[in-house]
Amino acid sequence: MPKFCGTYEKIRTLNDIPAEWPVTAKSGEDVKDSVFCCIKGHTYDSHKDAKAVLDRGARLLVTERPLGFSREITVPSSRAAFSVLTARHYGEPARFMRVIGVTGTNGKTTTAHMLHFLLEASGRRAGLIGTNGVRFLGRTLPSVGTTPEPPLLYKSIKAMREAGVTDLVMEVSSQALDQERCAGLFFEAGVFLGLTPEHLDYHREMESYFAAKKRLFSQSGKAIINGADPYGKRLLEDFPGAVVFYPPQARSLKIGKSTALWRGKELVVPFTGEFSLTDAVAAAETACSLGLSPETVRAAFPGCPPVSGRGELLYKGEERLILRDYAHTPDALGKMLSVLRKIHFGRIIVLFGCGGDRDRRKRPLMGKLAVESADRVILTDDNPRGEAPEEILRDILAGIPQKDRVTVVRDRHAAIRKAVRELQEGDLLLLAGKGHETVQIFGDRTVPFDEKTIVKEILESENIPWKR
């Protein structure tokens with residue numbers, strides 16, 4: 001046990017640290033009078049900054065190994081300590097709400113959106129935190145990533161509590177679980193949608209990816225699990241009392257409307273595709289586990305608004321369709337193209353790229369899926385980040401044997417313009433990969449890039465009436 005002196009001599013555990021002391025884990029921030037949590041990351045270990053932050057006025061260090069300073073407390077996980085201390089600093093606002101966590105490779109945003117809507121439709125004062133931002137009671141707050149870092153996470157939850165939010169639906173990513181951003185947070189319910197290869201640049205292999213997702217359910221009062229997913233079946237072995245749901249059989253599929261049988265009666269969902277129906281059933285079963293009746297759920301669903309960037313119809317006119325979708329994994333892209341093939345009998349053109357500094361193994365798989373499922377493929381930049389765009393495109397092309405149906409246009413804006421100009425009667429254009437995003441990220445800059453705005457501007461410049 002480290003020795004303390006002066007005002008710190010009574011601090012022996014996290015509980016002894018005064019809640020009013022600010023907490024940080026970034027040495028570049030103002031650390032004066034704060035508790036600094038030293039974190040060993042994938043690329044940098046901030047234990048190296050310990051002396052510097054003390055010299056700059058930090059009150060106390062939280063470390064994972066003894067460093068020999070008088071103002072220091074050592075814990076098994078400084079990431080978990082950072083989350084717990086941050087929650088305390090903001091008054092532990094989540095304790096006053098029912099928190100529901102949604103996890104899985106694909107479908108988190110849509111499922112969380114639907115569940116949030118169902119709770120609001122039942123009269124609950126619900127909030128939502130996820131990929132598309134922070135929303136509650138008509139307000140929108142800025143956010144970063146699917147599950148924000150603890151300071152932004154708990155700042156957002158505190159704002160919700162002060163506004164009177166009673167239920168919080170959160171998308172919970174595997175990275176957030178692995179980095180213990182939700183440590184100490186109790187979930188009334190955890191929802192598991194399924195697992196397919198993704199984020200392997202971070203987790204390295206599927207077992208580590210699954211282990212990260214599984215953490216959510218050790219913090220959950222009840223579990224709602226996709227029983228058709230292989231990893232869902234494994235999860236059921238550890239959580240035998242879970243609510244189990246299965247992908248429903250679609251009764252009808254149209255752009256922007258799908259129906260299926262759920263609990264013996266028709267469920268109408270204003271979204272596109274079987275995968276949306278699976279997400280809808282996950283949301284419906286979760287809502288029922290929280291006290292909503294099936295009748296309330298079934299009556300509310302047709303009024304659910306669209307999710308930005310998820311099977312979103314941008315244009316319908318002159319016998320032509322333009323959609324955008326966040327599909328940026330082989331599983332998501334394959335499912336979207338598969339359902340479009342079932343409900344659209346004209347040509348399907350898909351425009352996509354792959355993100356830089358992410359798992360390279362998925363790139364040729366996505367290329368192969370695209371050329372097998374679409375009539376024409378336009379390859380372009382996504383978010384290259386720190387990688388050379390040409391290398392990313394080369395990886396995608398490696399999975400495409402029939403290159404005669406592929407056009408490469410590096411500049412994404414120019415690629416979209418080319419695709420729109422070439423649309424013929426009966427064609428459908430799918431813009432895949434960026435979905436709701438409003439920026440494009442390069443190694444040295446981030447530029448505005450909202451595909452909804454871009455499509456509208458292109459249509460107007462081509463004298464095509466804007467219709468949605």
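The values are calculated or read from the model by the stated rules, or taken from the named source; none is laboratory data. Because the structure is predicted, anything quoted here is derived from the model rather than measured. As a convention, Cβ positions derive from the backbone with ideal geometry for all residues, glycine included, and neighbour counts pool all protein chains shown. Please note that ligands, DNA and RNA were not included when accessible areas were found on the heavy atoms of the full protein model with its side chains. Shrake-Rupley method; radii C 1.70, N 1.55, O 1.52, S 1.80 Å.
The residue that is least open to solvent (accessible area, probe 1.4 Å), counting only those in the range 198-219 that are farther than 13 Å from Thr103 by Cα and in contact with an Asp or Glu (Cβ under 6 Å, 6 or more places away or on another chain), is Leu200. Cβ-Cβ contacts under 7 Å between residues 6 or more apart (or on different chains), taken from a first residue in the range 322-340 that is under 17 Å from Thr131 (Cβ atoms) to a second residue that is among the hydroxyl-bearing types (Ser, Thr, Tyr) and open to solvent by 10 Å² or more (accessible area, probe 1.4 Å), are listed as Thr329/Thr105; Thr329/Thr196; Asp331/Thr105; Asp331/Thr196. The range 33-141 holds strands (runs of 3 or more DSSP E) entirely within its bounds, and those carrying 3 or more residues that are touching a residue at least 40 places away in the same chain (Cβ under 8 Å) map to 72-74, 98-103, 126-130. When Ala398, Ala388, Ala370, Ala374 are checked against the criterion of being under 27 Å from the mean Cα position of the chain (by Cα), hydrophobic (A, V, I, L, M, F, W, C) and surrounded by fewer than 17 Cβ atoms within 10 Å (Cβ to Cβ), Ala388 stands alone in meeting it. Counting the residues of the range 186-209 that are of a type in the set (A, V, I, L, M, F, W, C) and modelled with pLDDT under 95 gives 3.
Considering every residue within the range 323-338, establish whether at least one is in contact with a His (Cβ under 8 Å, 6 or more places away or on another chain) and either modelled with pLDDT of 95 or more or hydrophobic (A, V, I, L, M, F, W, C) (or both). Checked against the condition, which is being in contact with a His (Cβ under 8 Å, 6 or more places away or on another chain) and either modelled with pLDDT of 95 or more or hydrophobic (A, V, I, L, M, F, W, C) (or both), the range 323-338 yields no hits at all.
Checking Lys403, Lys418 one by one, the residue that is basic (Lys, Arg), open to solvent by 10 Å² or more (accessible area, probe 1.4 Å) and modelled with pLDDT under 95 is Lys403 and no other. Ser293 meets the conditions (1) buried (at least 16 other Cβ atoms within 10 Å of the Cβ); (2) more than 30 Å from Asp381 (Cα to Cα) in every case but one. The failed one is (1).
Residues of the range 152-169 that are of a type outside the set (Val, Ile, Thr) and either out of contact with any strand residue (DSSP E or B) (no Cβ under 8 Å at 6 or more places or on another chain) or surrounded by 19 or more Cβ atoms within 10 Å (Cβ to Cβ) (or both): Leu152, Leu153, Tyr154, Lys155, Ser156, Lys158, Met160, Arg161, Glu162, Gly164, Asp167, Leu168.
Yes/no per residue for (1) more than 15 Å from Leu351 (Cα to Cα); (2) of a type in the set (Asp, Glu):
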{"position": "Asp411", "(1), (2)": "no, yes"}
{"position": "Arg421", "(1), (2)": "no, no"}
{"position": "Leu429", "(1), (2)": "no, no"}
{"position": "Gln440", "(1), (2)": "yes, no"}
{"position": "Asp444", "(1), (2)": "yes, yes"}
{"position": "Ile454", "(1), (2)": "no, no"}
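On the stretch given as the range 38-72, residues that are within 34 Å of the chain's Cα centre (by Cα) and not aromatic (Phe, Trp, Tyr) total 20.
The residues in the range 352-367 that are closer than 19 Å to Arg324 by Cβ and either open to solvent by 40 Å² or more (accessible area, probe 1.4 Å) or aliphatic (A, V, I, L, M) (or both) can be counted, and the count is 1.
When the criteria are applied in full, Leu195 fails the requirement of being of a type outside the set (Val, Ile, Thr), open to solvent by less than 20 Å² (accessible area, probe 1.4 Å) and over 19 Å from the mean Cα position of the chain (by Cα). Within the range 333-351, the set of residues being open to solvent by less than 40 Å² (accessible area, probe 1.4 Å) and assigned to a helix (DSSP H, G or I) comprises Leu333, Gly334, Met336, Leu337, Val339, Leu340, Ile343.
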